[in-house]
1. Looking at residue B:424 and the list (1) away from chain A (no Cβ under 14 Å); (2) in a helix (DSSP H, G or I); (3) surrounded by fewer than 23 Cβ atoms within 10 Å (Cβ to Cβ), which single condition is not satisfied?
2. Do we have any residue at all in region B:285-299 that's surrounded by fewer than 19 Cβ atoms within 10 Å (Cβ to Cβ), away from every other protein chain (no Cβ under 14 Å) and among the aromatic types (Phe, Trp, Tyr)?
3. Kindly check whether there is at least one residue in region A:389-403 that is surrounded by fewer than 23 Cβ atoms within 10 Å (Cβ to Cβ) and within 9 Å of chain B (Cβ to nearest Cβ).
4. Taking the condition surrounded by fewer than 24 Cβ atoms within 10 Å (Cβ to Cβ) and within 14 Å of another protein chain (Cβ to nearest Cβ), does residue A:328 pass?
5. Can you pull out the residues in region B:253-278 that are closer than 18 Å to residue B:227 by Cα, in contact (Cβ under 8 Å) with a residue 24 or more places away in the chain and among the polar types (S, T, N, Q)?
6. Of the conditions (1) more than 30 Å from residue B:372 (Cβ to Cβ); (2) more than 14 Å from chain B (Cβ to nearest Cβ), residue A:281 satisfies every one except a single condition; which number is it?
7. Being away from chain B (no Cβ under 14 Å), under 21 Å from residue A:48 (Cβ atoms) and surrounded by fewer than 24 Cβ atoms within 10 Å (Cβ to Cβ) is true for just one of A:355, A:361, A:366. Which residue is that?
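No lab work stands behind these numbers, since they all come straight from the coordinates. Quick caveat: nothing in here was measured; it's all calculated off a predicted structure. Glycine gets a Cβ as well: all are built from the backbone with ideal geometry, and neighbour counts include every protein chain shown.
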Number of protein chains: 2
Amino acid sequence: MNTVIHNALIIPMSDTLPRYLRGDIRITDGILKQVGGTCTPEAGDKVVDGSLSIALPGLINSHTHLAMSLLRNLADDMDLFTWLQEHIWPREERLTHEDIRRGSYLGLAELIRSGVTTFADMYFYQQETADAVEASGIRAHIGATLMGDREATAQRMPELRELLVSRHNSAGGRIRVDIAPHAVYTCSGHTLTAARDLADEFGTMIHTHISESRQEQEDARREYGTTPVQYLDSLEFFSVPVYAAHGVFLSDRDLEICRSRDVRLVHCPTSNLKLANGTAPVAQFLEHGLAVGLGTDGASSNNNLNMIEEMHIASLIHKAAEEDPKAASAYEILSMATREGARVLGRDGEIGTLDEGKQADLILLDMDAPHLIPLNDPVSAVVYAAQASDVRGVMCAGTWIMEDRKLVTLDEERICAEAEESARRIR
Amino acid sequence: MNTVIHNALIIPMSDTLPRYLRGDIRITDGILKQVGGTCTPEAGDKVVDGSLSIALPGLINSHTHLAMSLLRNLADDMDLFTWLQEHIWPREERLTHEDIRRGSYLGLAELIRSGVTTFADMYFYQQETADAVEASGIRAHIGATLMGDREATAQRMPELRELLVSRHNSAGGRIRVDIAPHAVYTCSGHTLTAARDLADEFGTMIHTHISESRQEQEDARREYGTTPVQYLDSLEFFSVPVYAAHGVFLSDRDLEICRSRDVRLVHCPTSNLKLANGTAPVAQFLEHGLAVGLGTDGASSNNNLNMIEEMHIASLIHKAAEEDPKAASAYEILSMATREGARVLGRDGEIGTLDEGKQADLILLDMDAPHLIPLNDPVSAVVYAAQASDVRGVMCAGTWIMEDRKLVTLDEERICAEAEESARRIR
């Protein structure tokens, strides 16, 4: 169905349009046909009143572990090692395919409710996640995860190839499969190069973690005599497109390698703070011209998947880190969560801005709640004052997947009940 | 009316009760009569189903400038001096009594929606704010503000005395008037001691700002040869009870003075980050045994009054600052927003915990949204995963001021429209 959104306050995040404008948006066959100005609805068009709403590109959550939502609020306020060894890993071992299906649906309900239209995931049993993505109507990069040594990789390879063959570029292009070697500290050199070769073979991208913790830096120094980035570079890992979460501890030389190899970074501020890893040097990422997206990480280290809050937190911590209130402006942060996220995922030709000809991935935020009055600057309002619950409508590829705060494609009550059941079982 | 909340998941924040428990809460004549166990409703009792809700003490926002909500999202991402001189002060000069009334109502709508039952305010034309507080049913410490020199104080004094006489301990004890000399850098020594004497005369407290910025420290060093805290101590300012916002730059000697003089601090993390002042050394505050509350500061430097988000941000930044994921636990942070806030305001005998005999100031949060499933630890859920919009019910002094997300005492539509009108006029 074609849609006209009438008289919205539009934040297009475009190079050619103003910071914000009031006008109509026409969506035809899943594509943005007109952004701004006035549209005359045609017969059969669905007309949505946007007069009390801000319209902006759907948010892009560039790093998460969707099904880890089942482990939410489980083991907080503890050190990384205790958390992983005593709480997370023993429970992950007990997760079944059915649990992953349920955890994926739970995560999707939360993502859509907080205005996300595209996300990049990394976990296991990813056919289940792909099924949920397909049903939900959202757009996703499914990370086909690799960990361990040559043997573990050989065992996983058939499943990964099957995932790539059956899912990459599926669901009308909404689903892509990326190769996700977990990290330098969990993958052997063989596994890392196998991941690279697989990405090359299928013409897809790599999704990994880089330089998240001080411990990771120290371990790499001891084991490889260098930093994770330089070690990966020595493997020619970056000969395929790579996006990497965290990058909290990158040296100047690391940043220079990232620049020259077009490594894209995903900033996950809440997770980095919560696990006491610190604040990634995002100002330096930007000085080096890197594409920088924003991610929530998994619910078990966040504890939510709320990109609206993630933007607020990101903006605040960099002003403090740079001792400059002009740093990390609302517009820069909203860019990370939209157009730069698209660049990170190699999709900036398709999504990330409300430019005519792009996919119609957009969200509507109500702006009539007391905490958004007076609105004054709508970009400030979205980044500094809004809540996830202000998201009223979510459209992906021209289809409404949330309308008037009701999930269109998902049975939320059932999803919540089933997730509770799985969570109880592994508690 | 008496109320029984049936079968809630209760977080009492009490010394004598568990971290959480499931049970009933009976409220009689505005007082908590029973917390936990089972109550048999009596004739005329209002029974509220709490089975899908978390019940906890109403949140205490210990530092805000309520009517500054009119200046929300107005001038972000700029340095303090430009912000104040070019944007905030010129507009504040144009604020009328009617604007303050409207701004106060706007702020109250937001506070109540995000679960606040008590707040401490500092602004001007405070009769207007007191009127709004009285009508709303919320509990407040109204700060009677002083700034400038002897002459300015002499001019303000009749209005302040009138405010104290007419409002202190009014509205059934819900309203207290505190004396609010703005800060060392905006008040002369005479004004600071006059504020102290006025607090002493009326048996009330002082609400001020201390050591918010590096600039303030440098100015005090130049002007008084010492720190703001030590300068105030030399004036015997702390001979009356004082609570002070910020404290980002306190020396060991300052902290020792705060400890020995029982100076209470209000941590305002979002505002400190946004204005690039940094992160207050809250771990040191606690090591010195200081009472530490939590505040949003005004909407113009935040940009919302969302205490749920404030808790999340507070917890995160101290884990990073201490490089310890065990720092600033969810329980410690929730304490700041409840029982410690009550201690800051000298009200810990009355409010801040769900202990029998205390005022019935409590909130209900829905816990059936996807981002709160699975709940696992309810304290973690409130601090790390919840959103302000999860607050379903707010009771102050035994009266519901929000029920099923509907403001009971306030005409929200009118409040929003009038606030927009005032904001337009001063834009």
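1. The one condition residue B:424 does not meet is (1).
2. no
3. yes
4. Numbers: surrounded by fewer than 24 Cβ atoms within 10 Å (Cβ to Cβ): no; within 14 Å of another protein chain (Cβ to nearest Cβ): yes.
The answer is no for residue A:328.
5. Selection gives B:277 alone.
6. In the conditions (1) more than 30 Å from residue B:372 (Cβ to Cβ); (2) more than 14 Å from chain B (Cβ to nearest Cβ), residue A:281 misses (2) alone.
7. Details: A:361 fails: surrounded by fewer than 24 Cβ atoms within 10 Å (Cβ to Cβ); A:366 fails: away from chain B (no Cβ under 14 Å).
Of the residues listed, the single one that is away from chain B (no Cβ under 14 Å), under 21 Å from residue A:48 (Cβ atoms) and surrounded by fewer than 24 Cβ atoms within 10 Å (Cβ to Cβ) is A:355.
Matching residues to (1) within 14 Å of chain B (Cβ to nearest Cβ); (2) touching a His at 6+ places or on another chain (Cβ under 6 Å):
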{"site": "A:183", "(1), (2)": "no, yes"}
{"site": "A:188", "(1), (2)": "no, no"}
{"site": "A:192", "(1), (2)": "no, no"}
{"site": "A:233", "(1), (2)": "no, no"}
{"site": "A:244", "(1), (2)": "no, no"}
{"site": "A:270", "(1), (2)": "yes, no"}
